[in-house]
Amino acid sequence: MVDSKHIACHECDLLVKLTHLVEGCKAVCPRCGYTLTANHRNARDRVIAFSLTALVFLGLSFAFPFLTFSAQGQDRTATLMQSITVMITENFTSLAVIIFITIIVIPALYLFCAIYVYVSLKYSRLLPGTQAVMKLIGHLKHWSMADIFLIGILISFIKIMSLADVSLGLSFWAYVFFIVSMTAAVLHIDKHQVWQWIKEKENLPVAPVPLSGIHQGCHVCTDIADESKRICETCGAHLRLRIKSSVQKTWALLITAVFLYLPANMLPIMRTNFFGEETTNTILGGVLVLWEHGSYPIAMIIFIASVMVPVGKIITLGWLCYSVQMQSQKSYQQKTQLFRVTELVGRWSMVDVFVVAILVALIKLGNIMSIYPGWGALAFAGMVIVTVMAALSFDPRLIWDPINKKKD
Ligand SMILES: [Zn+2]
Ligand SMILES: [Zn+2]
């Protein structure tokens, strides 16, 4: 029988006994290398401080000009909000909604939730709904793309530097500080640690569970529960040994991603009007133009983020699903590492969509030079979202189950 000192690895299901962690240390799964839990120094105060700072800077990034663009004696200043609202005026409302949600709503909500949970942990009794808010944090963290938007701004900036004078406004710097503070807050939040604190405060019981076999580790709060249990006693989440129909769901999402990837590459992602002459750009076309103009680093970044990463992600996840279905008993560790990389880099493909949004908002000088979005950008954004969902629906513990089952 095990107690709360045990944790079932989230990625390989190995049962690990946790000893007391000194501040500044982390516990790593000895089998797959996954970080089980970390005890950050002053985590409670730091998360509150960093989250509050991030929210203040996010607010400030709406207050001033973001980027200023001048060419042929004409000036155009774009604010952060304009890079979103311009998509609505261009009849690309769905793209505007995706950008607004991923770069503003989700990061802001995440920060508010983090403050609520960590303030609640400071009181002797938890504030109402702390568990529900903590659960929400777990879902939100996969969908915040504010950091990628920042890289998108830098790429757009370098892209148009040769065409005109571009300057960074005060709000741009506020946005940079927002990203830095938010990243610091995210790095200090440890799911296992928070749920342990919640458990202590609520005096929740520790249910004994069998040591052998495959474990029913709660995907929300990391607790281990008896196989007969359907609902987690700590967080109230529905319990399952493994994500339900994980492989089938992942396959379905991957096939959808392939279908979206075709129009994303064939349709133009933007149209450029230069002195009355209109040209359209597909993703690959854009990379080639950048390459011809000698912007090799940006051409490489866009090529890696928009072509290699999505294709690599679809192939890797497909291969992992296939190997799970074949119950392959080879290279468990490498497969887990591959899954981790795929999960980490997948959302960065969104960078090209953000570049289009920024260029469209900024370059609006009537007939001299204007940029409009293309349908390829929407298909591409859809493809990135579907591949992120595919990675989330894949249960990496399935890779290790041939070993896990053998131990019975
Ligand atoms: Zn592990
Ligand atoms: Zn739970």
On Cα atoms only, tilt of 351-362 relative to the major axis of the chain in degrees = 40
Folded to 0 to 90 degrees: helix 246-266 orientation relative to the chain principal axis, Cα = 10
Label-point separation in nm, S370 to E200, each point 7 Å along Cα→Cβ | 6.1
Under 19 Å Cα to Cα from K201, which lysines show up? Leave out anything in the same chain fewer than 8 places away.
-> K5, K122, K135, K191
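Which value in deg cm²/dmol, rounded to the nearest 500, describes the helix-derived mean residue ellipticity at 222 nm for the chain, given -39,500 (n - 2.57) per DSSP H run of n ≥ 4 and division by the residue count? Kindly include the intermediate steps, with their values, before the conclusion.
Values: 16 runs with 218 residues, N = 408.
Using -39500 (n - 2.57) per qualifying helix, the result is -17000 deg cm²/dmol.
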Packing-wise, with mean Cβ within 10 Å as the measure, how do 306-316, 124-134 rank, highest first?
-> 306-316, 124-134
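How would R242, R230 line up from fewest to most surrounding beta-carbon atoms within 10 angstrom?
On the way: R242 16, R230 10.
If I rank by nearby Cβ atoms, fewest first, I get R230, R242.
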Specify the angular offset, from 0 to 90 degrees and rounded to the nearest 10, of the alpha carbon long axis of helix 146-161 from the longest principal axis of the alpha carbons in the chain.
-> 20
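Could you sort the peptides 179-190, 350-361 by per-residue average Cβ neighbour count (10 Å cutoff), highest mean leading?
Working: 179-190: 19.8, 350-361: 26.8.
Ranking, from highest mean packing down: 350-361, 179-190.
Can you sort M161, M389 so the residue with the fewest Cβ neighbours within 10 Å comes first?
Numbers: M161 11, M389 20.
In increasing order of surrounding Cβ atoms, one gets M161, M389.
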For the chain, what's the relative contact order in percent, using C-alpha pairs closer than 8 Å and at least 6 residues apart?
-> 23
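Give me the number: length gained by fully extending L21 to V56, i.e. 0.36 nm times residue separation minus the C-alpha to C-alpha distance, one decimal in nm.
Numbers: separation 35, 0.36 × 35 = 12.60 nm, distance 3.29 nm.
Full-extension gain reported as 9.3 nm.
Expected output is a single nm value to one decimal: the length gained when fully extending between L126 and I255, i.e. 0.36 nm times separation in residues minus the C-alpha distance. What is it? Write out the running numbers ahead of the final one.
On the way: separation 129, 0.36 × 129 = 46.44 nm, distance 4.41 nm.
Answer, rounded to one decimal: 42.0 nm.
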Highest to lowest packing among 216-227, 261-272, scored as the average C-beta count within 10 Å | 216-227, 261-272
When the Debye formula is applied to the Cα atoms of the chain, each taken as the same point scatterer, what base-10 log of I(q)/I(0) results at q = 0.06, 0.07, 0.11, 0.14 Å⁻¹?
-> -0.29, -0.39, -0.89, -1.26
Within a Gaussian network of the chain (alpha carbon springs, distance under 10 Å), most fluctuating of V341, V324, V287 | V341
Name the cysteines of the chain that stand alone by the Cβ rule: no other cysteine Cβ under 4.7 angstrom.
-> C25, C113, C321
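Here, each number is a calculation from the coordinates, and none is a lab measurement. Quantities reported herein were computed from a predicted structural model and do not represent experimental measurements. When we count neighbours, we look across all protein chains shown, and the Cβ atoms used for this are built from the backbone with ideal geometry, even at glycine.
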